[in-house]
Amino acid sequence: MSSISEQHSKDAYITILLNDDYLPGALLLAKTLKKTTENDVILLIDATGLSEKTLELVSEEFDKIIEIEPIISTSEKNLRILNRPDLFKTLTKIAIFDQTDYDFLIYLDCDVLPLKNLNGLFNILKGSNYDIAACAESSWPDIFNSGVLVLRPSKEIFEKLLIKSQELDSSFDGADQGLLNEFFLNKWLRLPYINNVTVNTNLITLENSYEYLPAYNRFHQDIKVLHFIGNKKPWFSRDIENYFTGNLKNFHKLWWEEFDKNYFGYEAGKIFEASSGITPPVITIPGESSSSLQDKYGKEPQAPNLAEEKLVNTWDLDIEEQNNEPILSDEVINEELPPPIFPWEAYRRDPTRVFTEIPEVLKGDFDMEQLNLEDD
Ligand SMILES: O=c1ccn([C@@H]2O[C@H](COP(=O)(O)OP(=O)(O)O[C@H]3O[C@H](CO)[C@@H](O)[C@H](O)[C@H]3O)[C@@H](O)[C@H]2O)c(=O)[nH]1
Ligand SMILES: [Mn+2]
């Protein structure tokens with residue numbers, strides 16, 4: 001006999017995909033979550049924005065796919081101030097509150113990379129009056145970043161958000177973060193920043209923008225979720241040396257390491273074929289010149305230096321023993337495979353660098369003690 005309070009709540013992870021461009025992010029997110037949770041991993045989609053190929057690929061990975069009506073921004077002016085006109089449909093994210101089959105949801109943007117088990121966050125709102133928990137936006141800590149959310153779905157909240165979203169200039173940034181913050185102003189539970197460490201990919205150089213590098217160095221082992229905010233997403237390019245600047249290169253590399261652990265060869269090719277407008281990864285095959293590669297594949301390699309010596313910087317100092325390896329190993333595997341169509345199919349490599357503490361943490365439970373929650 002079990003009382004109601006003892007009953008298990010129904011919880012799930014959820015993300016949203018609005019077009020093909022974010023497909024690699026969505027797939028890797030699902031793969032990563034599956035390693036740490038038995039809960040459902042749900043995908044909300046705007047089917048009008050997705051190709052058949054994308055639909056096929058996501059249906060293989062997610063437990064449940066829910067089609068929703070896109071909600072278009074009424075604040076084009078504010079989106080322009082944010083410099084992100086591409087976010088005109090992210091208000092659609094409010095549909096997470098409509099998923100009342102679940103007691104609690106952990107919402108994650110497609111551009112996040114979980115590094116540790118997040119299951120403990122399902123309990124964070126239980127017994128509290130809060131309907132939403134999130135991390136402070138690093139550039140304006142009185143509001144939250146909407147890329148990682150813990151929420152209690154509610155028809156009432158969804159209806160209110162929907163009505164609000166239709167008002168002209170309802171969102172101060174033109175997108176979901178502005179709307180949600182206006183709605184939940186001073187009514188959100190603040191989670192420790194390690195649950196949504198934002199890597200701002202819009203930075204031109206580290207010198208002309210503020211990033212608190214000493215804190216990265218001090219706390220990087222505690223990071224549970226990395227979030228690649230801004231209009232450059234890690235999967236848009238495989239050119240680790242040139243696409244991001246400064247220590248962002250390490251985060252970019254980490255995303256690709258995780259991707260390569262999960263997808264390679266033909267499968268990886270299918271993903272980048274489906275995600276429109278994205279430069280597919282290009283790998284230099286040791287011993288072959290760019291021009292011979294070009295003859296072979298009919299394509300100019302765009303990152304011929306990828307196999308060159310790895311830069312070591314502060315991020316790497318404490319794991320140096322794993323590190324002086326080139327990003328790509330020379331090892332050719334599985335020679336029985338059919339001849340490659342794409343350059344990257346020729347190679348499969350083991351990760352050259354891992355966060356050594358992760359496997360242990362992934363096995364264990366989330367430590368609630370460490371959350372150090374405060375009521376705001
Ligand atoms: O073309 C797009 C754009 C967005 N998305 C989805 O919407 C999310 C949000 O967009 P994103 O590019 O990740 O925004 P950020 O660069 O992270 O910018 C910030 O601002 C956004 C708008 O307020 C919030 O949605 C984010 O959570 C917040 O971190 C993505 O992760 C995807 O899940 C798509 O599928 N396709
Ligand atoms: Mn994001």
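The values are calculated or read from the model by the stated rules, or taken from the named source; none is laboratory data. Since we're looking at a predicted model, the values are computed, not measured. Cβ sites come from the backbone with ideal geometry, for glycine too, and all protein chains shown count toward neighbours. Please note that ligands, DNA and RNA were not included when accessible areas were found on the heavy atoms of the full protein model with its side chains. Shrake-Rupley method; radii C 1.70, N 1.55, O 1.52, S 1.80 Å.
Details
- Test set (1) acidic (Asp, Glu); (2) within 19 Å of TRP255 (Cβ to Cβ); (3) away from ligand 2 (no atom under 15 Å from the Cβ) - ASP21 fails condition number: (3)
- Those residues of the stretch 105-117 which are away from ligand 1 (no atom under 16 Å from the Cβ) and surrounded by fewer than 24 Cβ atoms within 10 Å (Cβ to Cβ), in sequence order: LYS116, ASN117
- Checked against (1) at pLDDT 95 or above; (2) open to solvent by 60 Å² or more (accessible area, probe 1.4 Å); (3) of a type outside the set (Gly, Ala, Ser), LEU57 passes all but a single condition, namely (2).
- Here VAL41 fulfils each of the conditions (1) in contact with a Lys or Arg (Cβ under 7 Å, 6 or more places away or on another chain); (2) more than 22 Å from PHE228 (Cα to Cα); (3) away from ligand 1 (no atom under 12 Å from the Cβ) apart from (2).
- From GLU67, GLU61, residue being under 29 Å from LYS10 (Cα atoms) and under 17 Å from the mean Cα position of the chain (by Cα): GLU61
- Members of the stretch 215-237 that are closer than 20 Å to ASN117 by Cβ and within 16 Å of ligand 2 (Cβ to nearest atom): ILE223, LYS224, VAL225, LEU226, HIS227
- Flag for ILE16 being in contact with a Ser or Thr (Cβ under 8 Å, 6 or more places away or on another chain), of a type outside the set (Ser, Thr, Tyr) and within 22 Å of LYS116 (Cα to Cα): yes
- PRO141 being more than 13 Å from ASP176 (Cβ to Cβ) and over 17 Å from the mean Cα position of the chain (by Cα): yes
- Every condition in (1) of a type in the set (Ser, Thr, Tyr); (2) more than 12 Å from ligand 1 (Cβ to nearest atom); (3) touching a residue at least 60 places away in the same chain (Cβ under 8 Å) is met by SER59 except one, and the failing one is (3).
- Yes/no for ILE240 being β-branched (Val, Ile, Thr), more than 16 Å from ligand 2 (Cβ to nearest atom), buried (at least 20 other Cβ atoms within 10 Å of the Cβ) and not in a strand (DSSP E or B): yes
- Taking the stretch 123-182 as the range and being in contact (Cβ under 8 Å) with a residue 60 or more places away in the chain, open to solvent by 40 Å² or more (accessible area, probe 1.4 Å), more than 16 Å from ligand 2 (Cβ to nearest atom) and not in a helix (DSSP H, G or I) as the test, the residues that pass are LYS126, GLU167, LEU168, ASP169, PHE172.
- Residue within the stretch 91-104 that is open to solvent by 10 Å² or more (accessible area, probe 1.4 Å), more than 20 Å from LYS155 (Cβ to Cβ), among the hydroxyl-bearing types (Ser, Thr, Tyr) and away from ligand 2 (no atom under 16 Å from the Cβ) present: no
- ARG80 falls short of the stated requirement of being charged (D, E, K, R), more than 22 Å from ALA30 (Cα to Cα) and either at pLDDT 95 or above or within 15 Å of ligand 2 (Cβ to nearest atom) (or both).
- Test: residue in the stretch 66-74 that is of a type in the set (Gly, Ala, Ser) and open to solvent by 10 Å² or more (accessible area, probe 1.4 Å): yes
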